[in-house]
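K.L.:
Submitted below is the structure of interest, expressed as structure tokens.
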Amino acid sequence: MKQHFIDNRAVPGSSGESIPVLDPSTGQQYDSIARGNATDIDLAVQAARRAYDEGAWGRLTAAERGRLMLKLSVKILDCADELTDIESRDCGKPTKQARADVTAVARYFEYYGGAADKLHGETLPYQNGYTVLTLREPHGVTGHVVPWNYPLQIFGRSVGGALAAGNACVVKPAEDACLSLLRLAELAAEVGFPPGAINIVTGYGHEAGDALTRHPGIDHISFTGSPRIGVLVTQVAAERHVPVTLELGGKSPQIVFGDADLDALVPVAVNAIVQNAGQTCSAGSRLLVERSAYDRVLERLSQAFSALRAGPATMDLDCGPLIRKTQQERVQNFLKAAAQDGIATAAQGKIADGAPAEGYYQAPTLLDNVPVDHRLAQEEVFGPVLAAIPFDDEADAVRIANATEYGLAASVWTRDGARQLRIARKVRSGQVFINNYGAGGGIELPFGGVKASGHGREKGFEALYGFTVLKTISIKHD
Ligand code: NAD
């Protein structure tokens, strides 16, 4: 059984209880994790508090913190094969996806390691006889609730930013995907991170996650997950006036005009929905197509979808399995609802021969002409299911793009430069891509949502501001 990681040591859970770890490719258990509770969270928060207040972590200069983070980045790349295997099996990710996630987390530590000593306050012009300056101080102890879809990447962007700003961190990974983060924390200790800087408590959200967000020793919460739990976390944090960054779901539109370069569009649009089997917050799950080009675009995408294959992580196909049985059932229920309501399937990929029957597979599916108000066009499916929707003109495209509760990411495909900017400005979304979508993970690009997609920003330098508190100091000297 894997134990918690607190104060640079493996620590058994106080209850002795465990949660099974299943391989999504086979449905079989192959390990277990500690079922953390409020006692374990308290131990981790105390460790982080000591590290921040009086331990070696709190005494490091920004440059020293940055150097440690750069060392960890190199260590991650040195251990890339091992981390890839862990992530691939635990999450059911095709090997190439797991490897991309490992590369990304290394890059986050490189990026934020380099940024640690470039984060500073300012001096402000004020009245004669005064000097006013601002300090960017860490919050102190930050809590990080991580989902199962990209554990390594989300750890990199959230914990990486918080550490660079000088915080000590307590992380609660998702119960379905913890193993890579437990190993990463060990690697951090090996390269010299002081005890208490990074602590990991595994367990269920309603137990360990809830205890973390309620703990009075937590000064900031970074939550990545579903809008429903995001509301709960916000309510809990509001009682203690603790700031929260919320990275929630999406129903991101890919807006395609008749003049779009389809050779460029098709592979990007396909990848935007099949990457990680569609279990991506910024999945391009709605394809909005100008009506005059709709049949032509659908034909091209249908050819591409028909060629897609889902199978075990080790087969390294277009899609791995979904994370768990209930997620598979959820996606199947969406597809049943589509069929009952007369929505046609334009094209579907296949589940590979030899894929274990007990694995949680879903063939990639392209749905034709989905009504704008249908749940397939409104709700996050979190599976490889793309809803195609025709639009009449620019105004109609913007109206449909904005007609969900979400606003995380969007793309616009047209050769008309003025139209690109008009649409980019009118779409309510944290990110808008023009003739591209999310290449390379966008580590340097501020990321986050509006509306039910959340608030606050992670990734890029901008994220560092969210992991600090601004203090203003006014000095009267004349
Ligand atoms: P989830 O909200 O069920 O769980 C996310 C995390 O919250 C898990 O670690 C879970 O254990 C924990 N949790 C559950 N209940 C809790 C509680 N009461 N208090 C504290 N923590 C609790 O989400 P999920 O199903 O694991 O992840 C999928 C969702 O995450 C999707 O909506 C997806 O879009 C979103 N997501 C968003 C981003 C982003 O950056 N915007 C990135 C990845 C995933």
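K.L.:
Between HIS206 and ARG291, what FRET efficiency comes out of the Förster formula 1/(1 + (r/R0)^6) with R0 = 41 Å and r the beta carbon distance, rounded to 0.05?
P.N.:
0.35
K.L.:
Which ³J(HN,Hα) values, rounded to whole Hz and listed in residue order, are derived for the range 266-277 from phi using the Karplus coefficients 6.51, -1.76 and 1.60 in 6.51 cos²θ - 1.76 cosθ + 1.60 with θ = phi - 60°, glycine and proline given as x?
P.N.:
4, x, 6, 5, 5, 4, 4, 10, 9, 3, 6, 6
K.L.:
Another question about this same structure. For LYS93, list the lysines whose Cα falls under 21 Å from its own Cα; do not include residues on the same chain fewer than 8 positions away.
P.N.:
Partners within reach: LYS2, LYS172, LYS325, LYS350.
K.L.:
Please list, in order, the residues from the range 441-466 whose amide nitrogen is less than 19 Å from a point placed 7 Å along the Cα→Cβ vector of ALA80.
P.N.:
Under cut-off, by backbone N: 441-444.
K.L.:
Residue by residue, what Karplus-based ³J(HN,Hα) values in Hz, rounded to whole numbers, does the range 300-316 have, using 6.51, -1.76 and 1.60 with θ = phi - 60° and x for Gly and Pro?
P.N.:
So the J values, rounded to whole Hz, are 4, 5, 4, 4, 5, 5, 4, 8, 7, 10, 10, x, x, 3, 5, 6, 6.
K.L.:
Return the carbon/sulfur percentage of the accessible area of the range 141-296, one whole number, probe 1.4 Å, all protein chains in place.
P.N.:
Taking all protein chains in place, the range 141-296 shows 55 percent carbon and sulfur surface.
K.L.:
Starting from the Cα-Cα distance between ILE475 and SER15, subtract it from 0.36 nm times their residue separation and give me the gain in nm to one decimal.
P.N.:
Full extension of this stretch gives 160.3 nm more.
K.L.:
Please give the helix 325-340 orientation as an angle from the longest Cα principal axis of the chain, in degrees from 0 to 90, rounded to the nearest 10.
P.N.:
30
K.L.:
Label LEU133 and ASN369 with points 7 Å out from Cα along Cα→Cβ: what is the distance between them in nm?
P.N.:
Once both label points are built, they end up 6.8 nm from each other.
K.L.:
Okay, moving on. Based on alpha-carbon centroids, what's the gap between the range 164-179 and the range 320-383 in Å, whole number please?
P.N.:
31
K.L.:
Could you please tell me the mean projected area of the C-alpha convex hull for the range 54-209, averaged over all directions and given in square nanometres to one decimal?
P.N.:
10.6
K.L.:
While we're looking at this one, here's another question. What whole-number distance in Å separates the alpha-carbon centres of the range 195-221 and the range 134-152?
P.N.:
About 11 Å separates the Cα centre of the range 195-221 from the one of the range 134-152.
K.L.:
If you line up the Cα atoms of the range 105-168 on their principal axes, what length do they span on each, largest first, in Å?
P.N.:
If we take the Cα atoms of the range 105-168, the spans are 54, 22, 16 Å.
K.L.:
Enumerate the amide H contacts of TYR130 below 5 Å, restricted to partners 5 or more residues apart or on another chain; note that Pro and chain-start residues carry no placed amide H.
P.N.:
HIS477
K.L.:
With no solvent and one equal point scatterer placed on each C-alpha of the range 123-270, evaluate the Debye formula and give log10 I(q)/I(0) for q = 0.11 Å⁻¹, two decimals.
P.N.:
Calculated log10 I(q)/I(0) at the listed q: -0.55.
K.L.:
Excluding ligands, DNA and RNA, what is the solvent-accessible area per residue of the chain at a probe of 1.4 Å, expressed in Å²?
P.N.:
Accessible area per residue, the chain: 39 Å².
K.L.:
I'd like the trypsin sites (Lys or Arg not before Pro) in the range 237-298 restricted to DSSP loop residues with at most 13 other Cβ atoms within 10 Å, sorted by number.
P.N.:
Sites meeting the loop and neighbour criteria: ARG240.
K.L.:
Continuing with the same structure: Once you have the Cα-Cα distance between GLU444 and GLU64, take 0.36 nm times their residue separation minus that, and quote the gain in nm to one decimal.
P.N.:
Once the chain is fully extended between GLU444 and GLU64, it gains 134.6 nm.
K.L.:
Taking the Kirkwood radius as the inverse of the mean 1/r across Cα pairs, report the Rg/Rh of the range 64-106.
P.N.:
1.07
K.L.:
With r as the distance between the Cβ atoms of PHE461 and ALA418 and R0 = 35 Å, compute the FRET efficiency 1/(1 + (r/R0)^6) and round to 0.05.
P.N.:
Once the sixth-power term is evaluated, E becomes 0.70.
K.L.:
Next question, about the same structure. List the residues whose amide H sits under 5 Å from the amide H of ILE434, counting only those 5 or more places along or on another chain, with H placed 1.01 Å from N in the peptide plane.
P.N.:
Under 5 Å from the amide H of ILE434 lie the amide H atoms of VAL412, each far enough along the sequence or on another chain.
K.L.:
Just the Cα atoms of the range 1-103, one point each, no solvent: what log10 I(q)/I(0) does Debye give at q = 0.16, 0.21 Å⁻¹?
P.N.:
Evaluating at q = 0.16, 0.21 Å⁻¹ gives log10 I(q)/I(0) of -0.97, -1.12.
K.L.:
What number, rounded to the nearest 500 deg cm²/dmol, is the helix-based mean residue ellipticity at 222 nm of the chain, given -39500 (n - 2.57) per DSSP H run of at least four residues and division by all its residues?
P.N.:
-12000 deg cm²/dmol
K.L.:
In 10 Å bins starting at zero, report the fraction of Cα pairs in the range 253-434 per bin as a rounded %.
P.N.:
Per 10 Å bin, starting at 0, the Cα pair percentages come out as 10, 40, 35, 13, 2, 0.
K.L.:
For the chain, report the % of Cα-Cα distances exceeding 39 Å.
P.N.:
Every Cα pair in the chain considered, those over 39 Å come to 24 percent.
K.L.:
Could you give each residue of the range 280-295 its phi-based ³J(HN,Hα) in whole Hz, using Karplus coefficients 6.51, -1.76, 1.60 with θ = phi - 60°, and x for Gly or Pro?
P.N.:
Working through the residues one at a time gives 9, 4, 9, 3, x, 8, 10, 10, 8, 10, 4, 4, 5, 10, 4, 5 Hz.
K.L.:
Search the structure for amide H atoms under 5 Å from the amide H of ALA346, placed 1.01 Å from N in the peptide plane, and list their residues when 5 or more places away or on another chain.
P.N.:
Excluding prolines and chain starts, which carry no amide H, the hits are LEU366, LEU367, ASP368.
The values are calculated or read from the model by the stated rules, or taken from the named source; none is laboratory data. Given the structure is predicted, the values throughout are model-derived calculations rather than measurements. Positions of Cβ are backbone-derived with ideal geometry, glycine not excepted, and every protein chain shown enters the neighbour counts. To get the accessible areas, we keep the full protein, side chains included, count just its heavy atoms, and leave off ligands, DNA and RNA. Shrake-Rupley method; radii C 1.70, N 1.55, O 1.52, S 1.80 Å.
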